[in-house]
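Please treat every number below as a calculation from the coordinates, not as lab data. No experiment lies behind these values; they were computed from the predicted model shown. Backbone-built Cβ (ideal geometry, glycine too); neighbour counts: all protein chains shown.
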Amino acid sequence: MPTLAPFTLHRATSATHAAALLARLPGARIVAGGTDLVPNLRRGIGQPAALVDVSSIADFDAIVRDGDGWRIGAGATLAALASDAALARELPALAQAAASAAGPGHRPVATLGGNLCLDTRCVFYNQSDWWRRSNDYCLKLGGSTCHVAPQGERCHAAFSGDLAPALLVHEAQIEVVGANGARCLPLADLYLDDGARHLALAPDELIVAARIPPQPAGARSGYRKARVRGAMDFPLAGVALRASFADGKLATLRVALSGTNSRPLPLADTDALCGTPVDDALLAALGKRIGKQVSPMRTTVTSSHYRRQVAMVLAQRLLRDLAAER
């Protein structure tokens, strides 16, 4: 793999300092664990003149109670999230998503913020520079055509992070700091449905934490993913689900998916599925709803139809397993 292009590394001492650096250094990128950014830079996917290291900011990796909920710093590692026993009891989908992301050598350094801001992926984009150059590049970087949908005018690269769907079903909000101040927004509002520009962040903004409110009494959650390899691979489809049950029936349901669209996708109209037993009819209705709302494209080595079917089956199996928990 080629060496990195020259850059200057700036070490931020606080989130506001990091934002000020981003504002002062056009095109600068945030780096913490660098498990996705660095391989991409080695492939020539971006050549920033400056990187802003946030890994030494005090308490940036803190995982703490926030009343009856949680506040998780953007620098918290996937390994820390996967191994926190209290987190696994109260937010199982998040702990399971963290444990399934990347590989055991990545998780001790890969971070929550990095996974939430993961660049969208496509088989025509995540290649070496000489490969992309010989194929006239693509709409996402350097070219004018999306090779997935050549007649269209947008990039269809897929969002492939694992933590976003888990945090979406747990109703997370994120704290963002920029050169002009701080703001808090629902996690869903972080994402745009455009593979080339999928984050609604200003160039001088960075995520500093995720806030997860208290979960409803009796709620159960989980995360499942399908991937080509059993480890070190992004999801072909990933499904997070939170449900509660009463009198043998589904009472509440939240579903979110990854790997199928250019943004993590909260499943719409799940309330219509509630009030009935978790039987074959309900599972079929859930699968049909997912099949209609996801829009996988030819961005991986597997077919779009396969990924749609996988997303449906993962959700059906997960809901059935949660309903069977005692």
With the structure loaded, tell me whether Lys288 is outside any loop (DSSP other than H, G, I, E, B) and within 28 Å of His147 (Cβ to Cβ) or whether it fails that test. no
If I ask for residues that are outside any strand (DSSP E or B), buried (at least 16 other Cβ atoms within 10 Å of the Cβ) and over 14 Å from the mean Cα position of the chain (by Cα), which ones from the range 173-197 would you list? Ala179, Asp194, Ala196
Tell me which of these Ser134 doesn't satisfy, since it passes every other one: (1) among the small types (Gly, Ala, Ser); (2) surrounded by 14 or more Cβ atoms within 10 Å (Cβ to Cβ); (3) farther than 26 Å from Ala188 by Cα. (2)
Options Ala256, Ala268, Ala246: the member that is of a type in the set (Gly, Ala, Ser), without any contact (Cβ under 8 Å) to a residue 40 or more places away in the chain and under 22 Å from Glu90 (Cβ atoms): Ala246
How many residues does the range 5-59 hold that are in a loop (DSSP other than H, G, I, E, B), in contact with a Leu (Cβ under 8 Å, 6 or more places away or on another chain) and not small (Gly, Ala, Ser)? 6
Scanning the range 294-326 residue by residue, those part of a loop (DSSP other than H, G, I, E, B), surrounded by fewer than 21 Cβ atoms within 10 Å (Cβ to Cβ), touching a helix residue (DSSP H, G or I) at 6+ places or on another chain (Cβ under 9 Å) and of a type in the set (S, T, N, Q) turn out to be Ser295, Thr302
Hey, could you check the range 28-45 for residues that are free of Cβ contacts under 8 Å to residues at least 40 places away in the same chain and in contact with a strand residue (DSSP E or B) (Cβ under 9 Å, 6 or more places away or on another chain) and say which is surrounded by the fewest Cβ atoms within 10 Å (Cβ to Cβ)? Val38
Of residues in the range 107-163 being part of a strand (DSSP E or B) and among the hydrophobic types (A, V, I, L, M, F, W, C), the one nearest to Thr35 (Cα to Cα): Ala158
Which residue pairs have Cβ atoms closer than 9 Å, lie 6 or more positions apart in sequence or on different chains, and pair a first residue in the range 289-300 that is in contact (Cβ under 8 Å) with a residue 12 or more places away in the chain with a second residue that is part of a helix (DSSP H, G or I) and among the aromatic types (Phe, Trp, Tyr)? Pro296/Tyr306
